[in-house]
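One structure is given below, encoded as C-alpha cells.
The values are calculated or read from the model by the stated rules, or taken from the named source; none is laboratory data. All values derive from a computational prediction rather than experimental measurement. A quick note on method: Cβ atoms are made from the backbone with ideal geometry, for glycine too, and the neighbour counts reach across all protein chains shown. Quick note on the areas: whole protein, heavy atoms, side chains included, nothing else; ligands and nucleic acids left out. Shrake-Rupley method; radii C 1.70, N 1.55, O 1.52, S 1.80 Å.
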Amino acid sequence: ASAAAGLVFTLVLVIQFRRRRMIEPGPFPAWVVLVYVLSIFAVASLWLNVVGMPFPPNAGPYAVVLTWAVCVYGFIFVRTIELFLNQSSPGDTKAD
C-alpha cells in the first residue's frame with residue numbers, strides 16, 4: 001500500500017509542481033514552498049516505509065501521509081474553486 005501511494009503521490013507532486021510553474025512564473029510564495037517540502041518529506045517517508053528503513057514497515061506512515069494528502073488536496077481544491085470564481089471573463093469591463 002505504501003508503494004502504491006508513494007508512486008501516485010510522487011507523480012502528483014511532479015504534475016502539480018509543473019502546473020503551478022506554468023500558471024505562476026517567478027518564485028513561489030513561502031507557504032507553497034513549505035507545503036512542497038512537507039509533501040516531499042511525506043512521500044519520502046512512504047518510500048522508506050516500503051524498504052523498511054529505519055523501522056520495519058507498518059501502517060503508521062501510510063496513515064499519516066494519507067491524512068496529509070487529504071488535507072493538501074482539499075486545500076488545492078478549495079483554492080482552485082476560489083481562483084475560478086474570481087476569474088474575470090475576457091469581455092468583462094470593470095467600472096471604477
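Within 14 Å, Cβ to Cβ, of residue 29, how many net charges do the neighbouring residues add up to if Lys/Arg are +1 and Asp/Glu are -1?
Residues close to residue 29 contribute a combined charge of +2.
Modelled label-to-label distance, residue 86 and residue 63, 7 Å Cα→beta-carbon offset: nm?
It works out to 3.7 nm between the two label points.
Contour minus end-to-end for residue 41 and residue 21, with contour as 0.36 nm per residue of separation and end-to-end as the Cα-Cα distance?
So the chain would gain 5.2 nm between residue 41 and residue 21.
Can you give the relative contact order of the chain as a percent, counting alpha carbon pairs under 8 Å and 6+ residues apart?
31 percent
Only one of the listed values, [x] 47, 26, 18; [y] 63, 23, 20; [z] 62, 27, 19, was derived from the coordinates as Cα extents along the principal axes in Å; which label is it?
Only one listed value fits the structure, namely [y].
What is the packing order of peptides 37-45, 22-30, taking the mean over residues of other C-beta atoms within 10 Å and listing the highest first?
37-45, 22-30
Which loop trypsin sites (Lys or Arg not before Pro) in the chain, with loop taken from DSSP, have no more than 11 other Cβ atoms within 10 angstrom of their Cβ?
The qualifying sites are 94.
Counting only protein heavy atoms, what percent of the accessible surface of the chain is carbon or sulfur at a 1.4 Å probe?
So the carbon and sulfur contribution to the accessible surface is 74 percent.
Calculated from DSSP H runs of 4 or more alone, at -39500 (n - 2.57) each and per residue, what is the 222 nm mean residue ellipticity of the chain, nearest 500?
Helix-only estimate at 222 nm: -26000 deg cm²/dmol.
Taking the Cα centre of the chain as the origin, how large is its charge dipole in debye, to the nearest 20, when only Lys and Arg (+1) and Asp and Glu (-1) carry charge on their Cβ atoms?
200 debye
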